[in-house]
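The structure appears right after this line, and notes come after that.
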Amino acid sequence: MIRDITIGQFYPARSRIHELDPRTKINGTFFFILSLFINQSFMTYGIAFLALCAVIMATTIPVRFMLKGLKSIFIIIMLTIVLNLFLTPGTTILLTLGRFTITLEGLQTAFYMGTRLIMLIIGSSVLTLTTSPITLTDGIEALLKPLERIKVPAHEIAMMMTIALRFIPILLEETDKIMKAQLARGADFESGGLIKKARSMVPLLVPLFISSFRRADDLALAMEARCYRGGEGRTRLKQLRYKKIDFWAYTILMLYLIVFIVMRVLA
């Protein structure tokens, strides 16, 4: 399950989505997430789903690999659906199970929340899967550049965000190795109640924290050895420049948002 998390990984491939400027993909991801909160209806969610499917097909990344990232949060998705299904009040009762009742409103809310969560995870995964960490850092920094006028450290924020994303697959791989090593020594992570399972995680978390601090220290030493002093005065090997495909992507994105806004006004 640990290896199934795809957020933070980069999948090298040749596609139109990979060729887009990182600023275009970051803005596209932000507006896609925003569109999921503008309006809740079967029509809008259907449009968002079709748009997401079109983007996934354009990335040439295997759909099975893309959906693999949902396995790690399957319990969270199911818990969200169940809680909204049974705890959402409504007037149209569909089924009664003891103290709990399932209403039409609860069924709709559970569908919307589950679908929204799934599309949020997959939409965010598309950004990291199609953008290398270095390019993602440049894109975030470029978008935060105007905030430097009010003393916001754009380069440092972009660097921290990218390092955090980059360390996700590394820490997951380290967790998998430690877990296998502890299982070989007789550790049990499955049996027992909640308290016992929490205690059984100590042999996993302690080595993981130690390894994380060691990696962070090694990274800091490596950056200092390369004379890293922040973003001031730094140059880039590849300068970010919008291409024709980016303007087409922004046009499609604007039309996509206009559709959602119009449906929100008319609802």
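Protection proxy ranking of 106-115, 170-179, by the mean of other Cβ atoms within 10 Å over each peptide's residues and highest first, is 106-115, 170-179.
Our compactness index for the range 8-52, the C-alpha radius of gyration over the empirical 2.2 N^0.38 Å, is 1.38.
Relative to its Kirkwood radius, the Cα radius of gyration of the chain gives an Rg/Rh of 1.02. Packing here is the average count of other Cβ atoms within 10 Å per residue, and on that basis the peptides 117-126, 59-68, 217-226, highest first, run 117-126, 59-68, 217-226. A simple rule links phi to the HN-Hα coupling: the Karplus curve 6.51 cos²θ - 1.76 cosθ + 1.60 with θ = phi - 60°, which for the range 207-217 gives x, 5, 5, 4, 5, 5, 5, 5, 5, 5, 5 Hz, with x for Gly and Pro. Per residue, the solvent-accessible area of the range 96-239 (1.4 Å probe, heavy atoms of protein chains only, all protein chains present) comes to 64 Å². Tell me the carbon and sulfur percent of the accessible area for the chain, rounded to whole percent, probe radius 1.4 Å. Its accessible area is 69 percent carbon and sulfur atoms. Is the C-alpha gyration tensor of the range 98-223 telling us rounded, prolate or oblate? Criteria: a/c under 1.5 is rounded; beyond that, a/b larger than b/c is prolate, otherwise oblate. Since a/c reaches 1.5 but b/c is at least a/b, the shape of the range 98-223 is classed as oblate.
The values are calculated or read from the model by the stated rules, or taken from the named source; none is laboratory data. Computed from a predicted model, the values in this text were never measured in an experiment. Every residue, glycine as well, gets a Cβ built from its backbone with ideal geometry; the counts of neighbours run over all protein chains shown. Note: areas computed on protein heavy atoms with side chains; ligands, DNA, RNA excluded. Shrake-Rupley method; radii C 1.70, N 1.55, O 1.52, S 1.80 Å.
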